[in-house]
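Reading through the structure tokens given below for one structure.
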Amino acid sequence: MLPMLNFKIYRWALAFVCTIFFVTTVLAQESAPKRIVQPLDFQQVKIEDGFWSPKMKVWTTKTVYDVFDKLEGKYDPDRPDIAAEKAKLGRTRNAFLNFDLVAQGKKNIGTHDGPPWYDGLVYETIRGAADLLAEHPDPALEKKIDDYIDRITAAQNADPDGYINTYTTLTCPTRRWGTNGGDDKWQHDIYNSGMLIEAGVHYYRATGKTKLLNVAVKMSDYIYTQIGPAPKSNVIPGHGGPEEDMLKLYQLFKEQPALKTKMTVPVKEDEYLAMAKFWIDERGNYGEKDGTHARKSDGSYNQDQMPVVEQKTIEGHAVRATLLATGVTATAMETQDVAYANTVNNYWNNMVGKRMFITGGEGAIADGERFGDDYFLPESAYLETCASIGSAFFSERMNEMEADGKYMDEFERIIYNNLLSGISLNGDQYFYENPLVGNGNKRWSWHDCPCCPPMILKMVGALPRYIYGSDGNDVYVNLFIGSEADLKIKDEDVLIKQTTGYPWKGNIKLEVDPHGDKAFAIKVRIPGWAEKKENPFDLYQSDVSGVPVLKLNGKIAAVTQQNGYAIINHKWKKGDVIELSLPMTPRLVSANESVQTIKNKFAIAAGPIIYAFETVDNPDLKKYTLNPNTSLTVTYKPELLKGVNIVTGQISDQSGKQVSFTAVPFYTLGNRQPGSPYEVWVQKGN
Ligand SMILES: [Zn+2]
């Protein structure tokens, strides 16, 4: 028999939430960080969801092939820069040709297809594809990737050191890592190496194949002989990311020591951890220390303006910054480094509290693709797809370290808005920039710098792992995505089946099926917006009608809440059901008064979705004012934009006349009429 449930009715007061937050912050500064929330392995979770499954089908059957094909040069240019390049070359650029030329022993030939980071984009696509393969086996795709890996391996084998970066070899072979007058911020030697490492690790985890992992290990071993404390070269990555990748390589061999025997090259995992730490610790330490080890600072653009542990704000190139932050967070957990943990708290608090856009966009400024000053959040901001995805990876790592739902709130904001806007509903056109006001910006088939499609694949590939988490004793429900998960809790198998109409409906049902009756806690994230906390620092504010309601086996279970999770302690048995109902009525969002540009404006949100006004539906866009008391109606339109909720209501035009408006999800903009003007923020009326 189950004990009687003893849940107290507990309405979460704002003061309580603030107290919890304060305690968390203090603890982060004093106690050693560690990994609390462990994401699941791919084998443990399967998505079956009305919203995500059809999209996953498009991404696995079309997008991943599309990106590989375009990397191979199979595309019709739809941008002038790309068309001009094709006219000049007499063909489209081909990332794999670079590997083939290096494999043939070519060096210093003065040409290279695509930007210096083209190798990295190939590796990133392999990483994303590997994760997708782990969930959606596809022998044809695996064969395609195996063939690419053969070509990559051949390129590495042409170099006696095992060095591989096709741009440097083909155009400036004496300037490895940006030494001898080179510049790694441009050459991307280390960045590409990082992407190679993560591709090797992820492809091994997905398929059990070690060929690409061997390439990665061989390159890593060589890097360690060249870069580090004097007399080695003092070089930091010209682009953040490799810190986390080196750590992943270390963690793979630490977790699976027997794997070393399957490798054809020596594995020195402690060196990989040391390399990650060196790259973090040497940032900002560019001065002359022993007479030989000085280097030129990359400045704040590459987060090199001062030592990482002294950085209080998130600065510079937004993709570099967020990927560095992700790596520092991962390393903080691995090495239990309090100073690293403090720094990433500073980064996150600054980013989410003062520099993040309502759609989860990051990086306001086009020049340098960088973060702007605090509260500089113009509607025409740059907001590269990659930067918001980097920020989502960062937030997920922060949640692993601090088990606080606010991190997954911001992760969720990104995946339903700035991430999905980066790719067309058909899965083969992409946005680089995602501003909050549009006038003519169209998704492209391929870009001079096509970094965003591989980054999208990396995130959607990884997504299933983040729906749930576990610390071995308790379950965390982080995301509301229909799925089945098989967790190990207190050494017992626990199955959880989630069904939901999210993000269009607020109903979430979790059926719990433990192998045997077992007492543990299920911690369900209660999104901030559902409790009138649009942003943890009040950068954005909103008011939603209704409150979250949690039921256990049909009875109201108002429970304690800590750090953004409702905690349900229970002795679970087969057939137990948790039901969460979230208030999905549309809400008007306004920004903190310090944000000058959107002071007198509203945005519309419902659930995790941010809505926008597109001229397709609203011809007189610029002339509207929205009355705060206007009534907003949500309607599901199954035929529109592959099935979406729209928000309709009345709005005042210039003459004060009330006219009807229709707002559609931000992520669907430009799918009906590419380039059609839109806006997210609309003037407040009286
Ligand atoms: Zn990008």
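The values are calculated or read from the model by the stated rules, or taken from the named source; none is laboratory data. None of these values were measured; they are calculated from a predicted model. Heads up, the Cβs are rebuilt from the backbone with ideal geometry, glycines too, and the neighbour counts pull from every protein chain shown. These accessible areas exclude ligands, DNA and RNA; they are computed on the full protein's heavy atoms, side chains included. Shrake-Rupley method; radii C 1.70, N 1.55, O 1.52, S 1.80 Å.
General remarks:
- Every residue from the range 412-428 that is among the hydrophobic types (A, V, I, L, M, F, W, C) and open to solvent by less than 10 Å² (accessible area, probe 1.4 Å): ILE414, ILE415, LEU419, LEU420, ILE423
- For the range 570-584, a residue qualifies if it is open to solvent by less than 60 Å² (accessible area, probe 1.4 Å) and assigned to a loop (DSSP other than H, G, I, E, B), and the qualifying residues are GLY575, LEU582, PRO583, MET584.
- The listed residue being away from the ligand (no atom under 16 Å from the Cβ), open to solvent by less than 10 Å² (accessible area, probe 1.4 Å), touching a residue at least 40 places away in the same chain (Cβ under 8 Å) and of a type in the set (Val, Ile, Thr), out of VAL437, VAL512: VAL512
- No other residue among ARG205, ARG175 is open to solvent by 30 Å² or more (accessible area, probe 1.4 Å) and farther than 24 Å from GLY368 by Cβ apart from ARG205.
- Test result for ALA294, buried (at least 21 other Cβ atoms within 10 Å of the Cβ) and in contact (Cβ under 8 Å) with a residue 60 or more places away in the chain: no
- The residue that is surrounded by the most Cβ atoms within 10 Å (Cβ to Cβ), counting only those in the range 63-89 that are of a type outside the set (A, V, I, L, M, F, W, C) and free of Cβ contacts under 8 Å to residues at least 60 places away in the same chain, is GLY73.
- Filter result for ARG465 (farther than 30 Å from ILE598 by Cβ, open to solvent by 10 Å² or more (accessible area, probe 1.4 Å), away from the ligand (no atom under 15 Å from the Cβ) and basic (Lys, Arg)): yes
- Where TRP446 falls short, out of the listed (1) away from the ligand (no atom under 16 Å from the Cβ); (2) crowded, with 24+ Cβ neighbours inside 10 Å: (1)
- A single entry from LEU495, LEU487 fulfils the requirement of being outside any loop (DSSP other than H, G, I, E, B), free of Cβ contacts under 8 Å to residues at least 40 places away in the same chain and not hydroxyl-bearing (Ser, Thr, Tyr): LEU495.
- Restricting the range 502-526 to residues that are among the acidic types (Asp, Glu) and assigned to a strand (DSSP E or B), the residue that is nearest to THR560 (Cα to Cα): GLU511
- Test result for THR668, in contact (Cβ under 8 Å) with a residue 24 or more places away in the chain, in contact with an Asp or Glu (Cβ under 7 Å, 6 or more places away or on another chain) and not small (Gly, Ala, Ser): no
- Residue list for the range 358-411, filter: under 11 Å from the mean Cα position of the chain (by Cα), away from the ligand (no atom under 16 Å from the Cβ) and open to solvent by 10 Å² or more (accessible area, probe 1.4 Å): GLU396, ARG397
- Scope the range 466-484; condition within 12 Å of LEU40 (Cα to Cα) and part of a loop (DSSP other than H, G, I, E, B); matching residues: ILE467, ASP471, GLY472, ASN478
- The listed residues are TYR540, TYR565, and the only one of them that is closer than 21 Å to SER470 by Cα and of a type in the set (Ser, Thr, Tyr) turns out to be TYR565.
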